[in-house]
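First comes the structure, then the notes that go with it.
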Amino acid sequence: MSGTVEVTLPAVARTAAVTETPLGRLTVPSRAIPERRVSVDPEELARLRDAARGAAANAHAPYSGFAVGAALVMADDPERRVFVGTNVENASYGGTICAERTALTQASSAGFRRLSVLAVSCARALHARLADRSPCGICRQFIAEFATDEPPSLVLIDSGEDGSLGEILDLERLLPYPFRLDR
Ligand code: THU
């Protein structure tokens, strides 16, 4: 198998809702993300998914027993090498770092800044509902730091299912309101 395939990132549309309260207006903001199409290389996705699964075997997770692996390629890396990471837990608990951030820290330390695709695999939750094997909120914000809109950086979530590469999302759909500092 070779070549790329086109993936549709579906539109998201939500109108605003405003509720008047005795102390002022409360607004649920609208959200409008147009549909877009993006090219992916299924071979690279499979390679990243497999690398993420492999990395999970090296997780340092003695406290939770929840091994996670991540593997990514950076768009500004002409060699498109694969960087991997695992969760590295700490006796302080709070010092724990997730697999996604470990992988991105490696890529950033090697000088790359633009994420192309990141795959994540949660060994113990491969067949669980999406929320139980998706990047945590801190990792979403961390991924957003290196995400580009054009082409959209993508996150692939291992579903462990035979015949499936998993779920794929861009950052707009994975993290609707990333915190941003204007530089
Ligand atoms: N973990 C990750 O590595 N990535 C995530 O996105 C979610 C959670 C790790 C952190 C901790 O070591 C274990 O999974 C249980 O939360």
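The values are calculated or read from the model by the stated rules, or taken from the named source; none is laboratory data. Since we're looking at a predicted model, the values are computed, not measured. Neighbour counts are summed over all protein chains in view; Cβ atoms, including those assigned to glycine, are modelled from backbone coordinates with ideal geometry. Remember, those area values only see protein heavy atoms, side chains included, never the ligands or the DNA or RNA. Shrake-Rupley method; radii C 1.70, N 1.55, O 1.52, S 1.80 Å.
Could you check the stretch 108-120 and list, in sequence order, the residues that are open to solvent by less than 10 Å² (accessible area, probe 1.4 Å) and within 19 Å of Asn58 (Cβ to Cβ)?
Selection gives Leu118, Ala119, Val120.
What pairs can you find where one residue is in the stretch 81-107 and at positive phi, the other is open to solvent by 50 Å² or more (accessible area, probe 1.4 Å) and near the ligand (Cβ under 10 Å from one of its atoms), and their Cβ atoms are less than 9 Å apart, with a gap of 6+ or different chains?
So the pair list comes out as Tyr93/Tyr63.
Any idea how many residues of the stretch 147-165 are within 18 Å of Val38 (Cα to Cα), open to solvent by less than 30 Å² (accessible area, probe 1.4 Å) and not aliphatic (A, V, I, L, M)?
So the count comes out to 3.
Within the group Pro29, Pro78, Pro62, which residue is under 23 Å from Gln141 (Cβ atoms) and out of contact with any strand residue (DSSP E or B) (no Cβ under 8 Å at 6 or more places or on another chain)?
Pro29
Quick one: what pairs do we get from the stretch 128-149, first residue more than 9 Å from the ligand (Cβ to nearest atom), second open to solvent by 50 Å² or more (accessible area, probe 1.4 Å), C-beta under 7 Å, 6+ apart or different chains?
Qualifying pairs under 7 Å: Leu130/Glu167; Gln141/Phe179; Phe146/Arg113; Phe146/Arg114; Thr148/Arg114.
Tell me yes or no: at least one residue of the stretch 127-143 is surrounded by fewer than 22 Cβ atoms within 10 Å (Cβ to Cβ) and at pLDDT below 95.
yes
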